[in-house]
Amino acid sequence: MAAAGYPTYIASVFLIWSIVGLGVNLLTGFAGQLSLGHAGIFALGAYGVAVLMTRGWDFWLAWPVVSIAASLFGVVVSLPAMRLTGVYLAVATLALGEVVVKFVYEWQSVTGGAGGINVPRPTLQGLPLNDAGVYWIILTFTVGLTWLAANLARGRTGRAWLSLHRSEVAAEAIGIYVPVYKVLAFSVSAFFTATGGALYAILLGRLSPDPFTVTMSIYFLAMVVFGGMASLPGTFLGAAVVVVAPEALRGIRDLQATLFGVVMVVLMVLAPGGLAGSWKGVAEWLRKQHQAG
């Protein structure tokens, strides 16, 4: 991508990761279900749209088909959550996510395997969109899905998820049917993540399976931890850290991974409740100082 378009590219990646972060936060921050398989769902969204578009489908038709299919896959991913919790659930979801990536590698006739696959650009009135056009599509999706996530979080579903997060036994005692809300959390999260993958595909224009690793899943989870569990605004702060920090350290490539790790540790120590929680703490302290004055 040309240097002039690089800021637009970084802004697009930030928005895509924010979309995925919203889905992960609804699942983990609100519903308390730990998943390390979201890189596989992200790949499912990206490759699903890529394969359909290379076969003549329009993006606006391919995206809902793929994202709804990913939601159904989320139902499958949720099945271990009926019996497993914590690290055991994380390992189970990791295995399911790896199955998707393995499938991408092996089904070369469709996905291109390790060699990758070209992704056509979406069109508007028959003309392919440029980088700026793709950015506006991504921004539109971000606004719409943020609105959806906010309505889910502050509604009955969000309250049920928070109750589930605090105690499944207590949630059942107040009439919440836990299995249904677990399945719903995984399904909604998969929809958000697959949509992010679909947007990632049209942004890059070419996909290879290399990025869709467990490291990507860890970064998705890190966004939620950095930004703040059960905080939708915090998701955007976490995405900014995960996307922008490596860019700021790009000039020292040999130490990039090490310094990024240091940044993560420092944030975990100084802001254990996430950046959103720390900001609330600062705002509350300033309010008290103002009242005292």
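With a simple spin-label model that places each label point 7 Å from the Cα along the Cα-to-Cβ direction, the separation between residue 123 and residue 214 comes to 4.3 nm.
With the alpha-carbon atoms of the range 50-206 aligned to their principal axes, the span from lowest to highest coordinate is 56, 35, 20 Å, starting with the largest.
How would you rank 208-215, 223-230, 25-32, highest first, on the average number of other Cβ atoms within 10 Å across their residues?
Numbers: 208-215: 16.5, 223-230: 24.0, 25-32: 27.1.
Put in order of decreasing packing, that is 25-32, 223-230, 208-215.
Solvent exposure of residue 106, expressed as accessible area, is near 120 Å², computed with a probe of 1.4 Å over the protein chains only. Under the criterion of Cα pairs below 8 Å and six or more residues apart, the relative contact order for the range 21-85 equals 30 percent. Taking packing as the residue-averaged number of other Cβ atoms within 10 angstrom, the listed peptides 159-165, 176-182 run from highest to lowest as 159-165, 176-182. Electrostatic bookkeeping for residue 35 treats Lys and Arg as +1 and Asp and Glu as -1; over the other residues with beta carbon under 13 Å from its beta carbon, the sum is 0.
The values are calculated or read from the model by the stated rules, or taken from the named source; none is laboratory data. Please read these numbers as outputs of a predicted model, since none were measured by experiment. Neighbour counts are summed over all protein chains in view; Cβ atoms, including those assigned to glycine, are modelled from backbone coordinates with ideal geometry. In case anyone asks, the SASA skips ligands and DNA or RNA and just uses the protein heavy atoms, side chains included. Shrake-Rupley method; radii C 1.70, N 1.55, O 1.52, S 1.80 Å.
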